Protein chains: 2
Amino acid sequence: MAATRPSNPLALAVLVLLGERPMHPYEMSSTLRERRKEDSIKLNYGSLYSVVESLQKRGLIEAAETVREGRRPERTTYAITETGAQVMVDWLVELLSTPKKEFTQFEAALSLAGALPPDQVTELLGQRLRNLLYQQKSVEAMFEEARSVGLPQLFLIEAEFSAALLAAEIAFVEQLLAGLRTGSLGGFEIWQRMHELRGAGVPPEEVEAKLSVEFADDLAFAKHYEQGT
Amino acid sequence: MAATRPSNPLALAVLVLLGERPMHPYEMSSTLRERRKEDSIKLNYGSLYSVVESLQKRGLIEAAETVREGRRPERTTYAITETGAQVMVDWLVELLSTPKKEFTQFEAALSLAGALPPDQVTELLGQRLRNLLYQQKSVEAMFEEARSVGLPQLFLIEAEFSAALLAAEIAFVEQLLAGLRTGSLGGFEIWQRMHELRGAGVPPEEVEAKLSVEFADDLAFAKHYEQGT
DNA sequence: GTTCGAATACTCGACTTCGAGTATTCGCCT
DNA sequence: AGGCGAATACTCGAAGTCGAGTATTCGAAC
């Protein structure tokens, strides 16, 4: 069988940890927390235990021993297998070398934002910008502290990536807001007029009809657009 | 009951579409495809139908009529409810105004990349960069075509966001690669040495012991680091 | 010596996600 | 008139996700 793997990146983290040394699930979770990996890998107990079970079923890890330490409940310690080590490498290779579309909530929201009137969207993006800037400040502070304590850059590389994306989002939202505030964003007037008509209680089909008359030029693309490429 | 909603953004898309006019599920999927929303909202049939069912159970949409057109199979047309319209607005407001951590696979991979030796990571990121640049080229071409056909910017706003993130990722990977190639990335030597030792078959605990002697200075942070903030 | 909160170590089941598979019908070409 | 591929319209079940809940134990303070 073709060494399939779970889809949750948490499973990769488990493989990497067990590549260092055998552990029981709860220890994995605390190690991940100590190393600040919960910021870059979604960790929750339910998923952790089901991912471990799934890895075991596929033969990528195996139970090493079941011990009871002190009077604590019994724990099962797992170790990585040969196959598991191979899968870990393959998986990392793929994730690092091959970009793959990730869907974000914000992108989805942007693509549906036309359902709200332009003024409101401007207002909301203004709020978002403030939130983003605040976030950025605390991220910078965290970097500052890490540097002052002598933590090598390598250990925070994922946080730096995330900070780079944050900066890009800030720049994007700022630019978009500028376009909205000056009304210079292409298509702005159609959008505005559409909500004006809807607000006045004009039924959907009529709105569409009116718009295609009033903005005939701007909507000329529709002919091509409608039928794919 | 407090008007809960499904978590899948596809459900939001359904609400927005039904806010325009009643539709049956398959029509939703084709409309989303026509408007190029499948690029920003993950769409697959299984999810679509279960999301519709879930919206109906919560009273956010309702079956309007069940028709059989021609001799095609029977289709159920849905319409949005008052509550549904409210939830749609609330949801959009939240997504647009409030940023929320999104976990990407690449971020996870970066945070685990230490499990591979530095040379290999450099090689893999080089590949990634090439892929990203290729992607960027085709995205630019798509924008070019859209502009030439007269499509207003507004209609591609989500694609522009995604392009901004792509550009940021490219810049990040380029910078990281530079740091790796010159070996100037903080912590590079520890990383390299660690794989050297592992490769020579030194057991885990010993590796750790050696490193903490050899790199005492660079690892001084550990004292603070280990016990949280 | 006891109280009380934090940490340890998981379990459970409701809910979602996913994509391959199925069955039909339309439209075009011959 | 018949064959065939694309489009229509969904179904199914296996797998994965999630976080609240449970039960215990440790440690520090009073």
Helix B:25-34 vs. chain B, principal-axis angle (Cα, 0 to 90°, nearest 10): 60 degrees
Report, for A:F103, each distance to the same residue's label point in the other copies, shortest first and in nm; define the point 7 Å along Cα→Cβ. 1.8
If you place +1 on the Cβ of every Lys and Arg, -1 on the Cβ of every Asp and Glu, and leave all else neutral, what size is the dipole of segment B:105-226 about its Cα centre, to the nearest 20 Debye? 260 debye
Helix B:82-97 axis, angle to chain B major axis (alpha carbon atoms, nearest 10°): 30 degrees
To one decimal in nm, how far is B:A79 from the same spot in the other copies, if labels go 7 Å from Cα toward Cβ? Please give the shortest first. 6.7
Check: segment A:9-97 dipole with +1 on Lys, Arg Cβ and -1 on Asp, Glu Cβ, in debye: 320 debye
Given B:K37/B:K101; A:K137/B:K137; A:K37/B:K101; A:K42/B:K37; A:K137/B:K37, the pairs whose alpha carbons are separated by over 24 Å: A:K137/B:K137; A:K42/B:K37; A:K137/B:K37
How long are the three semi-axes of the equivalent ellipsoid of chain A, in whole Å, if each is the root of 5 times an eigenvalue of the C-alpha gyration tensor, listed from largest down? 49, 23, 17
Descending principal axes extents, segment B:105-226, alpha-carbon based, whole Å: 65, 30, 23
Quick one: if the Förster radius is 60 Å, what FRET efficiency do A:T83 and A:R198 give, using the C-beta to C-beta distance and rounding to 0.05? 0.55
Using a ≥ b ≥ c from the Cα gyration tensor of segment A:9-97 (square roots of the eigenvalues), is it rounded, prolate or oblate, where a/c under 1.5 gives rounded and otherwise the larger of a/b and b/c decides, a/b for prolate? oblate
With a cut-off of 8 Å between alpha carbons and a minimum separation of six or more residues, what is the relative contact order of chain B in percent? 16 percent
Tell me, what ³J(HN,Hα) does each residue in segment A:60-65 have, in order and in whole Hz, if you take phi through Karplus 6.51 cos²θ - 1.76 cosθ + 1.60 with θ = phi - 60° and put x for Gly and Pro? 8, 9, 9, 5, 8, 6
Between helix B:204-214 and chain B: long-axis angle, C-alpha atoms, 0 to 90°, nearest 10: 60 degrees
Could you identify the residue of A sitting closest to the A-B rotation axis by Cβ and state that distance rounded to whole angstrom? A:A168, 2
Scalar couplings 3J(HN,Hα) for segment B:99-107 by Karplus 6.51 cos²θ - 1.76 cosθ + 1.60 (θ = phi - 60°), nearest whole Hz, x for Gly and Pro, are x, 8, 3, 10, 8, 9, 5, 5, 4
When the charge dipole of segment A:9-97 is computed with +1 at the Cβ of Lys and Arg and -1 at the Cβ of Asp and Glu, the Cα pointing farthest to the positive end, of A:M88, A:P25, A:P9, is that of A:P25
May I ask you to derive the FRET efficiency for B:R75 and B:K42 from their Cβ-Cβ distance with R0 = 22 Å, giving the value to the nearest 0.05? 0.40
Ignoring GluC sites (Glu not before Pro) buried by more than 11 other Cβ within 10 Å or outside DSSP loops, the longest site-free run in chain B is B:75-229
Dipole magnitude of chain A, debye to nearest 20 (Cβ charges: Lys/Arg +1, Asp/Glu -1, about Cα centre): 860 debye
What does the copy distance list look like for B:A167, label position 7 Å along Cα→Cβ, in nm and ordered from shortest? 1.4
Over segment A:105-226, what is the relative contact order in percent, taking alpha-carbon pairs closer than 8 angstrom and at least six residues apart? 31 percent
Full extension from B:R33 to B:S138: what is 0.36 nm times the residue separation minus their Cα-Cα distance, to one decimal in nm? 35.9 nm
Along Cα→Cβ, 7 Å out, is where each label goes; now give me the distance between the ones at B:Q56 and B:Q175 in nm to one decimal. 5.1 nm
With the dipole of segment A:105-226 defined by +1 on each Lys or Arg Cβ and -1 on each Asp or Glu Cβ, the option from A:G179, A:P152, A:A109 whose Cα lies farthest towards the positive pole is A:P152
Cα-Cα pairs of the protein assembly as shown separated by more than 30 Å (percent): 55 percent
Using helices alone, what [θ] at 222 nm do you get for the protein assembly as shown, with -39,500 (n - 2.57) per DSSP H run of 4 or more residues, divided over all residues and rounded to the nearest 500? -20000 deg cm²/dmol
Under 20 Å from the Cα of A:K210, which aspartates and glutamates turn up, not counting those fewer than eight places away in the same chain? A:E189, A:E196, A:D218, A:E226, B:E20
Gaussian network model of chain A, Cα within-10 Å springs - most flexible of A:P25, A:P117, A:P152: A:P152
Taking amide H positions as placed in the peptide plane 1.01 Å from N, state which residues far from B:M23 in sequence (5 or more) or on other chains have amide H under 5 Å from it. B:Y78
What are the ³J(HN,Hα) values, in whole Hz, obtained from phi via the Karplus relation 6.51 cos²θ - 1.76 cosθ + 1.60 with θ = phi - 60°, for each residue of segment B:171-180 in sequence order, with x given for Gly and Pro? 4, 4, 5, 4, 5, 4, 4, 4, x, 6
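Each reported figure results from applying straightforward, stated rules to the coordinates on display, with no laboratory input. What you see is a predicted model, and the numbers here were worked out from it, not measured in a lab. Cβ coordinates were reconstructed from backbone atoms using ideal geometry, including for glycine residues, and neighbour counts include every protein chain displayed.
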